[in-house]
1. Taking the Cα atoms only, what angle lies between the long axis of helix 56-75 and the longest principal axis of the chain, rounded to 10 degrees?
2. Could you tally the net charge around GLU58, taking each other residue with its Cβ under 12 Å from the Cβ of GLU58, Lys/Arg +1 and Asp/Glu -1?
3. For the chain, what does the relative contact order come out to in percent, with C-alpha contacts under 8 Å and a separation of six or more?
4. Counting other Cβ atoms within 10 Å, keep those with at most 13, restrict to DSSP loop, and tell me which trypsin sites (Lys or Arg not before Pro) in the chain are left.
5. For the residues VAL7, VAL50, what sequence is obtained by ranking on other C-beta atoms within 10 Å, fewest first?
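Throughout, read-outs are computed from the coordinates displayed, never taken from laboratory work. The structure displayed is predicted, hence computed values, not measured ones. Because the Cβ atoms are built from the backbone with ideal geometry, glycine has one as well, and the counts that use them run over all protein chains shown.
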Amino acid sequence: MIIIDSVVRLIPGVINNIESALTDSFANDLLDSPYYTQPRDIEGLSVPEVLLSGNHEEIDKWKQDFREKKNERKAS
């Protein structure tokens, strides 16, 4: 099932936006960055301000930096 799902997602028209498939967490050999929802603060943890900014370029940079650091921690 996993292989079928992985392959079918790349067929044109299966996914509305091919970028979704190309940016899956397993597509670039990096672990994924965290996802946040409401509320902004829970059990002493807060959503990073950059993710609330609406600046998509800065958000993408933050996510990429997070993935790279997470991979470094896992590798050591």
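1. Taking Cα atoms only, the helix is inclined about 90 degrees.
2. Value of the local net charge: -2.
3. In percent, rounded to a whole number, it is 25.
4. In loop regions of the chain (DSSP not H, G, I, E or B), the sparsely surrounded trypsin sites (Lys or Arg not before Pro) are ARG40.
5. Final ranking by Cβ density, sparse to dense: VAL7, VAL50.
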